[in-house]
1. Hey, what does the equivalent ellipsoid look like for the chain, semi-axes from the Cα gyration tensor as sqrt of 5 times each eigenvalue, largest first, whole Å?
2. Subtracting the Cα-Cα distance from 0.36 nm times the residue separation, let me have the gained length for Arg224 to Arg547 in nm, one decimal.
3. Restricting to Cα pairs below 8 Å that are 6+ residues apart, what does the relative contact order work out to for the stretch 5-194? Please round to a whole percent.
4. In angstroms, what radius of gyration and Dmax does the stretch 5-194 have, counting Cα atoms only?
5. If you average the alpha carbon positions of the stretch 263-322 and of the stretch 232-251, how far apart do those two centres end up, in angstrom?
6. If packing is taken as the mean number of other Cβ atoms within 10 Å per residue, what is the order of 325-338, 570-583, highest first?
7. How large is ³J(HN,Hα) for each residue in the stretch 480-490, as worked out from phi by the Karplus curve 6.51 cos²θ - 1.76 cosθ + 1.60 (θ = phi - 60°), to whole Hz, x for Gly and Pro?
8. Could you tell me the distance between the Cα centroids of the stretch 112-170 and the stretch 384-437, to the nearest Å?
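Nothing in this text is a laboratory measurement; each read-out follows from the coordinates by a stated rule. Computed from a prediction, not measured in an experiment: that's the story for all the values here. Neighbour counts run over all protein chains shown; Cβ positions are idealised from the backbone, glycine included.
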Amino acid sequence: MSVPIEDFALLSDLQTATMVGRNGSVDWLCLPRFDSPACLASLLGDGDNGCWRVAPVSLATSAGTDPGRCADRAYRPDTLVLDSRWETPDGTVRVTDFMPPRAQLPCLVRVIEGLSGAVRMRSELRLRFHQGRVVPWVRDAGNGTVAVAGPDAVWLDADGPVSTLGDTDATVWEFTVPAGRRLALRLAWSPSHLPGPPPPLSVPAETALKETVDFWRNWAGQCRYQGPWRDAVVRSLITLKALTYAPTGGVVAAPTTSLPGRIGGDRNWDHRYCWLRDSTLTLSCLLRSGYRDEATAWLDWLVRAIAGDPAQLQAVYGVGGQRLLPETEAPWLAGYEGSQPVRFGNSAVGQFQLDVYGDVLDTLCLSLRAGIPMPAHVWDLVEALMGCLLRHWREPDQGLWQVRGPRRQFVHSKVMAWVAADRAVHMGALLGRNGSSAEWRAMRDDVHRQVLREGWDPGQHSFVQAYGSPALDASSLLMPRLGFLPASDPRVRGTVRAMRGLDHGGFLLRYAQDGDGLDGLPGSEGAFVACSLWYAATLAATGHTARAREVFERVLAIRNDVGLLAEQWDPETGRQLGNAPQAFSHLALAETAFALSAAQSRDARGPGGAATRRAGVLRNLQREAR
């Protein structure tokens, strides 16, 4: 039985992540990086594809069946340390799960503490290397075991006595935890050629726990947002930090792959990589929240990743900036609730997506205005990107949503071409480099006129998805935030009203799914969480603050019990869908909270405050960043 996506909590050491369910089972873990092959992959199959379950014996059952759920769980305030409480007829225990921020090698720690009575516990570890299919060689190693397969070794130890139960393909331990006592289990990875247990196993569990709690609380304490939704914003920022690959500063879209947009469907993608579409939103969110170092690291990753021929600019890169992410399928994995295929890698690297030029130049402009140091060679990169864009902006592309159908003249892609030219002009003025400004201004004006002429549907009184198409697209809501049109423009207001056509149970779809072949895929998907948040932010910008707050709080209500959001939501079944937790969803949550807080402050100041609203939301972001 598959665990609902919303039943999973996230743990991270800032280089990889794990997903642990309310049933006490770790069902997803890639080692040693986010994009490494999984060694625990039952999330996409069953228990025989790898899992690590820790639960009371009276509740735990054999692999592949439901072991029950903990009574309750929560992250410790302002941390990524998870406490789960289990109640049994024999007593109550607490399991504390965490990954210490990595100093050397990855380690997952599970501390079991008796709260009352005396509870018999079982730990059942089934390692399956190479995406859940290779059974390792397991041998005893002192007070634990080591499992080896090819380049990988995973060590498991306990800091107290355990009884080993016979099992041919798993390591099964049982132990009793009375009230006031605790026992820690630790799992650590190392390259298989290195001798002896990895260094993390030499650190006492209590020391590692204290250091992990201190790290997250010190980090969360830097958040300078003090608005009405601070808890939700801080949880989203912690999630964003957890999805950051610390060595390079890259932020993955999600720690998982192939969690479906529709149960049983084939819209299953690998999101363990870094998308340029997230770049401006990420930088803005970090700067607004007070995390300048993380913003600078993200910018450094961006500049390194896109270096090279601007004609070869990709929409997505690996955590180290790698360009080759070949997409393959894993037929040995049944898929989440039978949703196949399971994919590793992402062929979006080979798509032409015009909007990424605007994403990059918007990010560079924002960072320059925020005072982040910009290497001198970056201006050469700006000129190269604009030179390429001048030649290609009129071409159709695959668009923001990375469609696998035919290329089209997507309105959002053209808007982002306008953004690229606009930001290049502004950067030239700031840096005193105006050599190409006239050409860029001319392009900016040409794009603007074309979008207003070809992207507007007077019958619907709304911007549409692509030239000549009546289909709506939620990306049109981004126009005022990008500065393309002011929020007061009647065309923006008309587009906001038209979004009712994308309503799906009180949430927004990305676009109308009418089977016209746009995706190149059959079937439908859930409502896209970020789009509902864009809707709330645009409602606030157009003066509908109460309605905006209602939409925003509806999204807050679909977070799981520990505050996490997946990519999508199905209002019909009340379930999260898509990869989880999704950085795009949490970035949009934080940005929308900032926008609503600003709107409420304006409303509180009365009519005089309304007069100060400006069309360029970007300028507000830049002022706050400074």
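1. Values: eigenvalues 386, 121, 112 Å².
Calculated on Cα positions only, the semi-axes equal 44, 25, 24 Å.
2. Details: separation 323, 0.36 × 323 = 116.28 nm, distance 2.61 nm.
Full extension from Arg224 to Arg547 adds 113.7 nm.
3. Normalised by residue count, the contact order of the stretch 5-194 is 20 percent.
4. Spelled out, the Cα radius of gyration and Dmax of the stretch 5-194 are 15.3, 46 Å.
5. 12
6. Working: 325-338: 16.7, 570-583: 21.8.
Result, highest mean Cβ count within 10 Å first: 570-583, 325-338.
7. Result, rounded to whole Hz: x, 4, 7, x, 5, 9, x, 4, 7, 5, x.
8. 52
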